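Just so it is clear, none of the values below were taken in a lab; they were calculated from the coordinates. Remember, it's a predicted structure, so these values are computed and weren't measured experimentally. As a convention, Cβ positions derive from the backbone with ideal geometry for all residues, glycine included, and neighbour counts pool all protein chains shown.
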Amino acid sequence: MSTAFLFPGQGSQSVGMGAELFSRFPNIVEQSDEILGYSIVELCSREDATDLNLTNFTQPALYVVSCLQAKALLEEGKSPKFAAGHSVGEFAALQCAGAFSFSDGLQMVAKRGEIMSKVSGGGMAAVIGMDADKISVVLDEQGADQIDLANFNSPGQIVISGPASQITQVLSPLKDSGARMVVPLKVSGAFHSRMMNEPAAEFAVFLQNFTFSLPQFPVFSNVEAQPYLITESIPELLIKQIFSPVRWTEVIQGLRQNGVEEFIECGPGKVLTKLLRQIP
């Protein structure tokens with residue numbers, strides 16, 4: 001039976017995440033603290049989740065916890081044949097497959113979170129129970145020409161992203177046109193949209209400081225919904241990912257077509273596990 005490790009993105013973070021892993025891998029925790037300049041244990045254990053929910057803290061915290069969980073599973077004998085990560089989770093997936101070191105990945109994710117958090121004025125909303133074509137029609141009717149389809153999480157769950165004013169403008173029209181639910185997301189920016197073009201350009205410069213290796217087993221990219229085939233495509237697609245849609249439905253379908261029968265979510269929560277049931 002083929003196994004795939006899945007690594008979650010923002011929205012999966014929670015107070016107390018990683019507690020048992022931090023005590024199991026103190027050397028990696030110490031390394032993380034040195035890179036980040038603050039205590040990852042304190043950040044994740046603080047009762048007030050305000051900081052943990054800020055993009056520049058959320059992304060590195062998720063990366064550390066997800067990488068540690070994957071390491072624990074590997075030590076326990078689990079052997080993934082494939083991996084994939086949702087948005088920032090893709091970095092942990094690539095690290096698990098040996099595309100770069102833990103420390104290099106953490107530096108990349110910390111920079112990614114920092115530059116993405118600087119773009120203000122954006123918003124996102126999850127549209128439940130309406131397909132992409134219908135959503136696009138409603139956006140056109142409303143003149144919401146700056147909104148992009150950002151996450152194809154399942155056939156019945158698509159996330160839109162763009163200027164906060166336009167997101168607010170289309171909430172009721174989408175509901176009135178047949179969406180079962182339209183839920184504004186608690187995020188600080190319009191991720192995976194054209195509003196992220198500038199951060200992506202800054203990230204491209206930063207990634208020139210790192211070297212990459214071909215993954216030791218296939219890792220499906222968010223941008224192409226296909227495995228990385230050449231080393232050069234890793235930084236290229238990680239840059240594009242910031243302003244491109246997450247094609248998660250196609251990623252899961254591609255994994256299944258490659259014979260994956262067991263999916264293990266490496267990270268806090270069960271967001272990706274629940275989505276599996278919604279993807280044919």
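Hey, what's the Kirkwood Rh for the chain if you take every pair of different alpha carbons, in angstrom?
Hydrodynamic radius (Kirkwood, Cα pairs) of the chain is 18.9 Å.
When only DSSP loop residues count, what GluC sites (Glu not before Pro) in the range 76-115 have their Cβ near at most 16 other Cβ atoms within 10 Å?
Sites meeting the loop and neighbour criteria: GLU76.
In degrees between 0 and 90, to the nearest 10, how far off the longest principal axis of the chain does helix 26-36 point, with axes built from Cα atoms?
It works out to around 50 degrees.
Give me the one-decimal nm value for the distance between modelled label points at LYS240 and GLN216, 7 Å along each residue's Cα-to-Cβ direction.
For the pair LYS240/GLN216, the computed spacing is 2.7 nm.
Evaluate E = 1/(1 + (r/R0)^6) for LEU276 and MET1, where r is the Cβ-Cβ distance and R0 equals 22 Å; express this FRET efficiency to the nearest 0.05.
On the way: r = 15 Å, r/R0 = 0.69.
The formula returns an efficiency of 0.90 here.
Counting helices only, and only those DSSP H runs with n ≥ 4, report the 222 nm mean residue ellipticity of the chain as the sum of -39,500 (n - 2.57) divided by its residues, in deg cm²/dmol to the nearest 500.
-13500 deg cm²/dmol
LYS186 label point, 7 Å along Cα→Cβ, cut-off 13 Å on backbone N: hits in the range 6-20?
Output list for this probe position: 11-15.
Which residue, PRO280, LEU214, SER39, has the largest displacement toward the positive end of the dipole of the chain when charges sit on each Cβ (Lys, Arg +1; Asp, Glu -1)?
PRO280
Rounded to whole Å, give me the distance from the Cα center of the range 85-118 to that of the range 250-266.
Centre-to-centre (Cα) distance: 21 Å.
May I ask you to evaluate 6.51 cos²θ - 1.76 cosθ + 1.60, the Karplus curve with θ = phi - 60°, for each residue of the range 204-213 and list the ³J(HN,Hα) values in order in whole Hz, giving x for glycine and proline?
Here the 3J(HN,Hα) series is 4, 5, 5, 5, 5, 7, 10, 10, 10, 10 Hz.
Would you please give the residues with an amide H less than 5 Å from that of GLY122, counting only those at least 5 places away or on a separate chain, with H modeled from the backbone geometry?
ALA164, ALA190
Once you put a point 7 Å from the Cα of GLU232 and another 7 Å from the Cα of LYS118, both along the Cβ direction, what distance in nm separates them?
Here the modelled spin labels are 2.9 nm apart.
Where Lys and Arg each count +1 and Asp and Glu each count -1, what net charge lies around PHE206 among other residues with Cβ under 11 Å from its Cβ?
For residues surrounding PHE206, the net value is 0.
Could you calculate the contour length gain from GLU198 to TYR38, that is, 0.36 nm times the residue separation minus the distance between their Cα atoms, to one decimal place in nm?
Values: separation 160, 0.36 × 160 = 57.60 nm, distance 2.70 nm.
Between GLU198 and TYR38, full extension yields 54.9 nm more.
Tally the DSSP beta bridges in the chain and give the antiparallel ones as a percent, rounded to 5.
On the way: 17 of 29 bridges.
Around 60 percent antiparallel, to the nearest 5.
Net charge near GLU114: determine it from the other residues with C-beta under 15 Å of the C-beta of GLU114, scoring Lys and Arg +1 and Asp and Glu -1. Mind showing how you got there, number by number?
Values: positive: LYS111, ARG112, LYS118; negative: ASP51, GLU198, GLU202.
Overall, the nearby charge balance is 0.
Which Cα, out of PRO8, GLN257, ALA72, lies furthest along the positive dipole direction of the chain (beta carbon charges, K/R +1, D/E -1)?
After comparing all options, I get GLN257.
What distance in nm separates the simple spin-label points at GLU261 and SER136, each placed 7 Å from Cα in the Cβ direction?
Rounded to a tenth, the inter-label distance reads 3.7 nm.
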